[in-house]
Amino acid sequence: MSIQANESPESSATGDLAGKHIVLGLSGGIACYKAAELCRALIKAGATVQVVMTEAAAQFITPVTMQALSGRPVYTSQWDQRETNNMAHINLSREADAILIAPCSADFMAKLLHGRADDLLSLMCLARPIDSVPLLLAPAMNREMYAHPATQRNLFQLQADGATVLGVGSGFQACGETGDGRMLEPDQLLDDVIAFFAPKPLAGQRVLITAGPTYEAIDPVRGITNLSSGKMGFAVARAAREAGAEVTLVAGPVSLPTPRGVTRVDVKSAQQMFDAVSARADAATVFIATAAVADWRPAAASVQKIKKDGSGEAPQLAFVENADILAAVAGSTRAQSGALFCVGFAAESHDLLAHAQAKRLKKGVPLLVGNIGPATFGQDDNALLLVDAAGSQELPRAAKLHLARQLVATVAARLPKTLKNHHEN
Ligand code: C5P
């Protein structure tokens, strides 16, 4: 049997996992079918992947498939003759930047917990240098097995022993039951692995973010909104989470997936966004306002649909100004005393620097991020201009996630000392 050219491993030297070598361990479970996609995703993100499988895993998916996807022969036995020193468990674990077990079966967890080492995968996990080679586990099992006190006890103890448990999904299971215990999807696991390797300059910080447009109702079927896609704010939320913060994202009406590990609060109108932010600002240490909040709302939304009355006259709409969420939060005692660091955004069409500088002073924030509205709304990339009291810095056009990570690093570097020590107190 040959491997088709279009099945050859994809690689990206510039991906989020460039330079990382992941040992991907598969234990026995139907979720092995997802490990094939995961292997591809890791490689696409720039990692090199060495697959190690238990005998049980090879009942669910063949080593041939995993070899084709990873571009490397798969290891299944501790007696593998290919290693000149005959110590595959040592060699494989010393080369790894991380060992990721996906799927990690209930049985394999129990083995890890007891330090058993009667097959290559468990032997390799036990032999790994515990301080320099992290062990990441993606459990996968039936909901009853997952909920069983023995499994929960094992999960708890494995974390105490230094493993990182990436959590489980919930929903329909291969056995026909519904509940917790599914293996996370490959794209979720990929995001978790990327986040795992990211530096953590926001550890201990609680970051509150607004994102997306708002929708101001005219009547039950019509309203006023804008072209903000929410992509920049969602990218900032993901980057802040990767950087170790606890993140709450207050999102206007957008259809974007919630970044992993981020708490999302959905709102529609500017007033709802204001209320949601006000209720959470006291708990935050950083506030980043990326939302394109409507400046005005109809003075009174009609309860019934406004109908044409045949006169040819358009209805007269009156507007009132929405409260400025950012200015209100930035003016709060906590923000003024340095306990809450506020960042604003400005979407302009021209004279970006002058407008951004003026807006920073008007909003009373230490850092304001300018961008050109028509060049960012709905786009996957953007260019930013960071403006503070000392001057300005351009972040050239790049993917929004890339810019969001740069912005988060900038914010972390600017946090007052009192906030940086926040989580240590
Ligand atoms: O005044 P302008 O709308 O241009 O200000 C943009 C900045 O202020 C953004 O950070 C936006 O999220 C925030 N803003 C707000 N509440 C408003 C209007 C703007 O938080 N009502």
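The values are calculated or read from the model by the stated rules, or taken from the named source; none is laboratory data. Not measured: the values here are computed from a predicted model. Glycine gets a Cβ as well: all are built from the backbone with ideal geometry, and neighbour counts include every protein chain shown. SASA here: full protein model, heavy atoms, side chains in, ligands and nucleic acids out. Shrake-Rupley method; radii C 1.70, N 1.55, O 1.52, S 1.80 Å.
By how many nm would the segment from VAL265 to TRP296 grow when fully extended, if each residue of separation counts as 0.36 nm and the alpha-carbon distance is taken off? Spell out each step's value before the answer.
Working: separation 31, 0.36 × 31 = 11.16 nm, distance 2.20 nm.
Extra length from VAL265 to TRP296 when fully extended: 9.0 nm.
For the residue pair ARG414 and ALA398, what label-to-label distance in nm results when each label sits 7 Å from Cα along the Cα-to-beta-carbon direction?
Output for this residue pair reads 1.7 nm.
If you scale each eigenvalue of the Cα gyration tensor by 5 and take the root, what three semi-axes come out for segment 104-145, rounded to whole angstrom and sorted largest first?
Working from the Cα gyration tensor, I get semi-axes of 20, 12, 7 Å.
Where in the chain are the DSSP H helices whose C-alpha atoms run 20 Å or more along the long axis and whose mean Kyte hydropathy is at least -1.0?
Values: long enough: 400-414 (21 Å, 0.45).
Those that clear 20 Å and a mean of -1.0 are 400-414.
How far apart, in nanometres, would the label points at VAL320 and ASP180 be if each is projected 7 angstrom from Cα along the Cα-to-Cβ direction?
A separation of 4.4 nm, rounded to one decimal place.
Taking a 24 Å limit on the Cα-Cα distance, which of the listed pairs LYS359/LYS400; LYS20/LYS200; LYS359/LYS420 fall beyond it? Walk me through the numbers on the way to the answer.
On the way: LYS359/LYS400 22 Å; LYS20/LYS200 18 Å; LYS359/LYS420 26 Å.
Violating the 24 Å limit, Cα to Cα: LYS359/LYS420.
What does DSSP give for the chain in terms of the percent of beta bridges that are antiparallel, rounded to the nearest 5? Numbers along the way, then the final one.
Working: 20 of 62 bridges.
If I count the DSSP bridges inside the chain, around 30 percent turn out antiparallel.
Take each of the peptides 187-198, 102-113, average the number of other beta-carbon atoms within 10 Å over its residues, and list them starting from the highest.
Working: 187-198: 19.2, 102-113: 22.8.
Ranking the peptides 187-198, 102-113 by packing returns 102-113, 187-198.
Give me the aspartates and glutamates in straight-line cross-link reach of LYS231: C-alpha distance below 18 Å, same-chain residues under 8 apart excluded.
Correct list for LYS231: ASP187, ASP191, GLU242, ASP266, GLU348, ASP380, ASP381.
Using the scaling law 2.2 N^0.38 Å as the reference, what is the normalised Cα Rg of the chain?
Numbers: Rg = 25.5 Å, N = 425, 2.2 N^0.38 = 21.9 Å.
Normalised Rg, Cα atoms only: 1.16.
How big is D for segment 13-197, in µm² s⁻¹ as a whole number, if Stokes-Einstein is applied with the Kirkwood radius of its Cα pairs at 37 °C and 0.692 mPa s?
Details: Rh = 16.2 Å.
My calculation gives 203 µm²/s for D.
At a Cα cut-off below 25 Å, give the lysines reachable from LYS307, other chains included and same-chain residues fewer than 8 away excluded.
Once the sequence-local lysines are set aside, what remains near LYS307 is LYS268.
How long is the gain from GLN152 to VAL64 if the chain were fully straight, where each residue apart is worth 0.36 nm and the alpha carbon distance is subtracted?
Values: separation 88, 0.36 × 88 = 31.68 nm, distance 3.36 nm.
Using 0.36 nm per residue and subtracting the Cα-Cα distance, I get 28.3 nm.
When the solvent-accessible surface of protein heavy atoms is calculated with a 1.4 angstrom probe, in what order do ARG94, ARG128 fall, highest first? Spell out each step's value before the answer.
Numbers: ARG94 125, ARG128 25 Å².
Largest to smallest exposure gives the sequence ARG94, ARG128.
With every protein chain left in place, what is the accessible area per residue of the chain in square angstrom, probe 1.4 Å?
Values: 20420 Å² over 425 residues.
I get 48 Å² per residue for this part.
Between ARG94 and ASP107, what is the label-to-label distance in nm when each label sits 7 Å out along the Cα-to-Cβ direction?
Going by the 7 Å Cα→Cβ label model, 3.1 nm.
Where the accessible area of the chain is counted over protein heavy atoms with a 1.4 Å probe, how much of it, in %, is carbon and sulfur?
On the way: 10770 of 20420 Å².
Of the solvent-accessible surface of the chain, carbon and sulfur hold 53 percent.
Normalized C-alpha radius of gyration of segment 197-351, against 2.2 N^0.38 Å? Could you put the intermediate results ahead of the total?
Values: Rg = 17.7 Å, N = 155, 2.2 N^0.38 = 15.0 Å.
After normalising by residue count via 2.2 N^0.38 Å, the value is 1.18.
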